[in-house]
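These notes are about the structure you will find just below.
The values are calculated or read from the model by the stated rules, or taken from the named source; none is laboratory data. Here the structure is a predicted model, which means the values were calculated and not measured. Because the Cβ atoms are built from the backbone with ideal geometry, glycine has one as well, and the counts that use them run over all protein chains shown. Ligands, DNA and RNA are excluded from the accessible area calculation, which covers all protein heavy atoms including side chains. Shrake-Rupley method; radii C 1.70, N 1.55, O 1.52, S 1.80 Å.
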Amino acid sequence: MTQIKNDELLGKIGNALKELRKSKGILQADFGNDTGIHIARVESGTRNLTISSLSVLTDYLDIKLSDFFKLVEKQK
């Protein structure tokens with residue numbers, strides 16, 4: 001299966017994750033240590049996430065995937 005990469009969508013996802021992380025006062029280093037995911041690459045929109053990885057991130061940030069995607073839709 002060919003992997004598709006939508007840079008605009010990845011940027012919106014990264015921005016939404018960054019806003020959530022900052023609003024909860026979580027440092028990038030702590031995020032990485034706790035989840036094993038290098039969040040800086042995700043926040044910059046350069047990492048094409050799997051749904052499984054995104055689920056780990058949203059669980060860590062204590063937000064449902066459906067609510068997270070609502071935040072993504074609001075990103076400019």
In region 27-57, which residue that is β-branched (Val, Ile, Thr) and closer than 22 Å to residue 74 by Cα is nearest to the chain's Cα centre (by Cα)? 42
Unique residue being open to solvent by 40 Å² or more (accessible area, probe 1.4 Å) and on the phi > 0 side of the Ramachandran plot when the list is 62, 7, 67: 62
In region 10-26, anything surrounded by 11 or more Cβ atoms within 10 Å (Cβ to Cβ) and either at positive phi or in contact with a helix residue (DSSP H, G or I) (Cβ under 7 Å, 6 or more places away or on another chain) (or both) is listed as 12, 13, 14, 16, 17, 18, 21
Complete set of residues in region 27-51 that are open to solvent by less than 60 Å² (accessible area, probe 1.4 Å), closer than 20 Å to residue 11 by Cα and in contact (Cβ under 8 Å) with a residue 12 or more places away in the chain: 31, 37, 39, 40, 42, 43, 45, 48, 49
